[in-house]
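Enquirer: Attaching a single structure in structure tokens format; questions to follow.
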């Protein structure tokens, strides 16, 4: 069972569910019906992209992985890639335009683009900003474009909130990786220390919640959901530490979007 659970995490299934959960959150907030092909495309595409970044970038010619376990993940990723292509066939041109921009950002994140840095992933603070931008694009802009909705003011407020949310969720990973990151990376915890990083994260959490009131239309369920998430994220910043348990960030932190989506589903049903 433990091996299966580790594969679930290592093969990026958990993070893909987190991304899909945030897509679903957007459909709840803006009352849109999303095409199933886009949901499956996001799910399988996230698995492919994350596994390529985690394993393919370090592999010979981006394909030749070393051990059997990674080969199993690679085979799984190839299956997911085929399913991504299938569902991608049914997406609109507008959706593909947004996807091409996000794909370029992902490519710059993973592949060498600058002479003194292997990729944007090696540029420390810029790394988490790129991740946050891509996640917000996939989970907010893409569903709205995919349903042919106008990107009104409230959508852009949600984009900023989603960027802040992802930045907060990345902070435990940044603190955990202090033991492994090279000093040249200049990550946020390396620059300002663990405690100040947590305070910075708490400030982002506060900004995330305050921005809710900048929307033109706020439902009761959205206000409650974001209030609960505000408390959860604040608690996360309080309990995050440098020496974490094995699954603290990789499972529990990445499970927060799933929990939030489930909460919103219940609230929408009640209200």
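Enquirer: Using the count of nearby Cβ atoms within 10 Å as a rough guide to exposure, how do 216, 94, 181 rank from fewest to most?
Expert: On the way: 216 8, 94 12, 181 16.
If I rank by nearby Cβ atoms, fewest first, I get 216, 94, 181.
Enquirer: Could I ask something else about it? Between residue 72 and residue 266, what is 0.36 nm times their sequence separation minus the Cα-Cα distance? Round to one decimal in nm.
Expert: Details: separation 194, 0.36 × 194 = 69.84 nm, distance 3.69 nm.
Roughly 66.2 nm would be gained on extension.
Enquirer: Between residue 206 and residue 241, what FRET efficiency comes out of the Förster formula 1/(1 + (r/R0)^6) with R0 = 22 Å and r the beta carbon distance, rounded to 0.05? Present the calculation step by step, with values, prior to reporting the outcome.
Expert: Values: r = 21 Å, r/R0 = 0.95.
The formula returns an efficiency of 0.60 here.
Enquirer: Based on the mean of other Cβ atoms within 10 Å per residue, sort peptides 1-9, 172-180 so the most packed one is first.
Expert: Values: 1-9: 10.4, 172-180: 17.3.
Packing proxy ranking, top to bottom: 172-180, 1-9.
Enquirer: Let me ask you something else. Fewest to most neighbouring Cβ within 10 Å: what's the order for 37, 14?
Expert: Values: 37 16, 14 19.
Ordered from fewest to most neighbouring Cβ atoms within 10 Å, 37, 14 come out as 37, 14.
Enquirer: Oh, and also: Return the single residue from 139, 240, 26 with maximal mean-square fluctuation; model: Gaussian network over the chain, springs between Cα atoms under 10 Å.
Expert: Taking springs between Cα atoms under 10 Å, the residue moving most is 240.
Enquirer: Which one, 28, 44, 75, has the greatest fluctuation when you compute a Gaussian network model over the chain with C-alpha springs under 10 angstrom?
Expert: 75
Enquirer: Separate question: Kindly state, to the nearest 0.05, the FRET efficiency for residue 8 paired with residue 37, given R0 = 35 Å and r defined as their beta-carbon distance. Spell out each step's value before the answer.
Expert: Details: r = 24 Å, r/R0 = 0.69.
About 0.90, to the nearest 0.05.
Enquirer: Please compute the modelled spin-label separation between residue 218 and residue 153, points set 7 Å along Cα→Cβ, answer in nm with one decimal.
Expert: 1.4 nm
Enquirer: For segment 125-249, compute the orientation-averaged projected area of the C-alpha convex hull (one quarter of its surface), in nm². All intermediate terms of the calculation are to be shown ahead of the outcome.
Expert: Working: hull surface 33.4 nm².
Average projection, Cα convex hull of segment 125-249: 8.4 nm².
Enquirer: Would you mind giving the average projected area, over all directions, of the Cα convex hull of segment 2-270 in nm² with one decimal?
Expert: Numbers: hull surface 58.6 nm².
The number I arrive at for segment 2-270 is 14.6 nm².
Enquirer: How do 46, 27 rank when sorted from fewest to most other Cβ atoms within 10 Å of their own Cβ? Could you put the intermediate results ahead of the total?
Expert: On the way: 46 23, 27 18.
In order of increasing Cβ crowding within 10 Å: 27, 46.
Read-outs: derived from the displayed coordinates by stated rules, not from any lab. Nothing here was measured: the structure is a model prediction, and the numbers come from that model. Please note: Cβ atoms are built from the backbone with ideal geometry, for glycine as well, and neighbour counts cover all protein chains shown.
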